[in-house]
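Engineer: First the structure, then my questions, so here it is.
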Amino acid sequence: MYHLLLKMIFFGILLVPQACTLKCYECAVGSSATCIDSTKECSALATHCSALKFIIYSGESVIADVNAKRCGFADSCAQASINFGLTRTILSNQCCTTDLCNNLPAPDYSKTRPNGRKCFTCNGLHCTGTVECKGNEYHCIATTVAVKGKMTPMKGCASRQLCTNTEQLEGVIGTQKISCCEGDYCNSGSRPRVGTLVVAPLLLLLISP
């Protein structure tokens, strides 16, 4: 009986199908949006293929448009943005779960309309201006950054992903803490209303392995 049990376990192990690792298209940051020139066999932990897009606007002009593709993880799949009025940063990490499914570039979510939320924005040390939030930017934010050795306030709009994912975010604008809140013009004060978090560089957030 004992030997029969061992045989059953042995053959059972042999019959279990081997776990197949995911294969994804991979291209370096900054490559063409349509780059599909290489494939990669992902690690066993990677469950998604992703296509990424990172856009920075200064006024109406695009000053950075970065694309990448890679193996990824579910918790990094997101579409997020930060809007300081004069500048706006948008990131998109489009994910899928089958082999080589990330053949298309990530969608461009930068052409979004105002959503009705309004927040304070800064011009130098004066933070009485208004910025109209766009797309999924339903939070107001406030922070200070070092500019030429001086601490300068920055205020604007942000998407929920940047205000809730505190484990992955560690400093989008320097190393200063950012306060997030909900409600029109709720970023008027310097003290956070919905908790304080540290935000990470937007580009590294979704393209780091």
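The values are calculated or read from the model by the stated rules, or taken from the named source; none is laboratory data. Owing to the predicted nature of the structure, the values given are computational and were not obtained by experimental measurement. All Cβ positions, glycine included, derive from the backbone under ideal geometry; neighbour counts span all protein chains shown.
Engineer: Please verify whether Ser58 is modelled with pLDDT under 85, exposed (fewer than 12 other Cβ atoms within 10 Å of the Cβ) and out of contact with any helix residue (DSSP H, G or I) (no Cβ under 9 Å at 6 or more places or on another chain), treating the condition exactly as stated.
Structural biologist: The answer is no for Ser58.
Engineer: Moving to a separate point now. Here's a check for you: in region 19-42, which residue that is farther than 15 Å from Asn103 by Cβ and of a type in the set (A, V, I, L, M) is modelled with the lowest pLDDT?
Structural biologist: Checked region 19-42; the qualifying residue modelled with the lowest pLDDT is Ala19.
Engineer: Could we say that Ser110 is among the small types (Gly, Ala, Ser), in contact with a Leu (Cβ under 9 Å, 6 or more places away or on another chain), surrounded by fewer than 22 Cβ atoms within 10 Å (Cβ to Cβ) and at negative phi here? Talk me through it step by step, then tell me what you get.
Structural biologist: Values: among the small types (Gly, Ala, Ser): yes; in contact with a Leu (Cβ under 9 Å, 6 or more places away or on another chain): no; surrounded by fewer than 22 Cβ atoms within 10 Å (Cβ to Cβ): yes; at negative phi: yes.
It is false that Ser110 is among the small types (Gly, Ala, Ser), in contact with a Leu (Cβ under 9 Å, 6 or more places away or on another chain), surrounded by fewer than 22 Cβ atoms within 10 Å (Cβ to Cβ) and at negative phi.
Engineer: Okay, moving on. Here is a list: Gly116, Gly135. Which entry is at pLDDT 50 or above, at positive phi and touching a Lys or Arg at 6+ places or on another chain (Cβ under 9 Å)?
Structural biologist: Result of the check over Gly116, Gly135: Gly135.
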